[in-house]
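Colleague: Handing you this structure, nothing more for now.
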Amino acid sequence: AQSVTQLDSQVPVFEEAPVELRCNYSSSVSVYLFWYVQYPNQGLQLLLKYLSGSTLVKGINGFEAEFNKSQTSFHLRKPSVHISDTAEYVCAVSGGYGQNFVFGPGTRLSVLP
Amino acid sequence: NAGVTQTPKFRVLKTGQSMTLLCAQDMNHEYMYWYRQDPGMGLRLIHYSVGEGTTAKGEVPDGYNVSRLKKQNFLLGLESAAPSQTSVYFCASSYSAGLQHFGDGTRLSIL
């Protein structure tokens, strides 16, 4: 069975500062890893995904994440955040289809002016 | 291209009432899912479907039923609503592993 941990429930950061949102997972099988963003009153939108290949994955809106198999992590980073990045960020892991998709509890990113 | 559409967007029910949430997708996806989202707990899978006419239980299926009579539609039913079912419900669909597309959610309050 898979599980996902997002240790930071809330992350406040000033505009134009860098940010890292942490995600750790546990799984006994090979995994696919994802970051989703959720704006208020909306569903989840895919930011980026790791399926295989390069461990550094680039996504939309200037975000990137690095898959670290030895540390079982998939942390999300952005070098300079904007007010519009304020949202909930959800890490997810999948070992395949259907019921194997597990979501983390989410991290609320608040970008301050 | 509408993607995944959920109706209704908001609903208030009294304990014991029944209702059906509708999810429709226009991407010809085989897989469809119903999740509930509660504060601090992340998304939890209620039921899912791997194709027309098939459904399966997820992590928290009790108190819910589903049907997938048409490939593009996935219905979630509450036969006798309970306050513990107050939540935000999300539908998603996918063609392959992990590439799930989400609807905007249904906010359901049970009084």
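Just so you know, all these numbers are worked out from the coordinates, no wet-lab data involved. The model shown is predicted, which means the values in this text are computed figures rather than measured ones. Here the Cβ is made from the backbone with ideal geometry for all residues, glycine too, and neighbour counts use every protein chain on show.
Colleague: For A:K49, go through the aspartates and glutamates and keep the ones whose alpha-carbon is under 14 Å away, minus same-chain ones fewer than eight residues off.
Modeller: Output for A:K49: A:E64, A:E66.
Colleague: Further, regarding this structure: R0 = 45 Å: FRET efficiency of A:I83 with B:T7, Cβ-based, nearest 0.05?
Modeller: Step by step, r from the Cβ atoms, then E = 0.90.
Colleague: Further, regarding this structure: Apply 1/(1 + (r/R0)^6) to the Cβ-Cβ distance of A:E16 and A:E66, taking R0 = 30 Å, and write down the FRET efficiency to the nearest 0.05.
Modeller: After rounding to 0.05, the efficiency reads 0.85.
Colleague: So which residue, out of B:M19, B:M32, B:M41, gets the largest mean-square fluctuation from a GNM of chain B using Cα contacts under 10 Å as springs?
Modeller: Top of the fluctuation ranking is B:M41.
Colleague: Okay, next question. Can you put B:F10, B:F90 in order, fewest other beta carbons within 10 Å first?
Modeller: B:F10, B:F90
Colleague: Still on this structure, I have one more. Quick one: among B:K14, B:K57, B:K71, which has the greatest mean-square fluctuation in a GNM of chain B with alpha-carbon springs under 10 angstrom?
Modeller: B:K14
Colleague: Give the Rg (one decimal place) followed by the Dmax (whole number) of chain B, computed from C-alpha coordinates and expressed in Å.
Modeller: Rg then Dmax for chain B, in Å: 13.0, 38.
Colleague: Near A:L76, within a Cβ-to-Cβ distance under 14 Å, what is the net charge of the other residues, with Lys and Arg +1 and Asp and Glu -1?
Modeller: Taking every Cβ under 14 Å from that of A:L76, the sum is 0.
Colleague: Step by step: find N for the protein assembly as shown, compute 2.2 N^0.38 Å, then divide the Cα radius of gyration by it. What's the final number?
Modeller: 1.02
Colleague: Arrange B:C91, B:C23 by Cβ neighbour counts within 10 Å, fewest through most, would you?
Modeller: Placing the least packed residue first, the sequence is B:C23, B:C91.
Colleague: With just the Cα atoms defining each centre, how far is the range A:29-88 from the range B:23-68? Give it in Å.
Modeller: Comparing the Cα centres of the range A:29-88 and the range B:23-68, I get a distance of 23 Å.
Colleague: Something else: Write down the radius of gyration of chain A and its Dmax, each obtained from C-alpha positions, in Å.
Modeller: Final numbers for Rg and Dmax: 13.4, 42 Å.
Colleague: May I pose another question? Which aspartates and glutamates, on any chain, are close to B:K14 with Cα under 20 Å apart, when same-chain ones fewer than 8 places away are left out?
Modeller: B:D38, B:D62, B:E79
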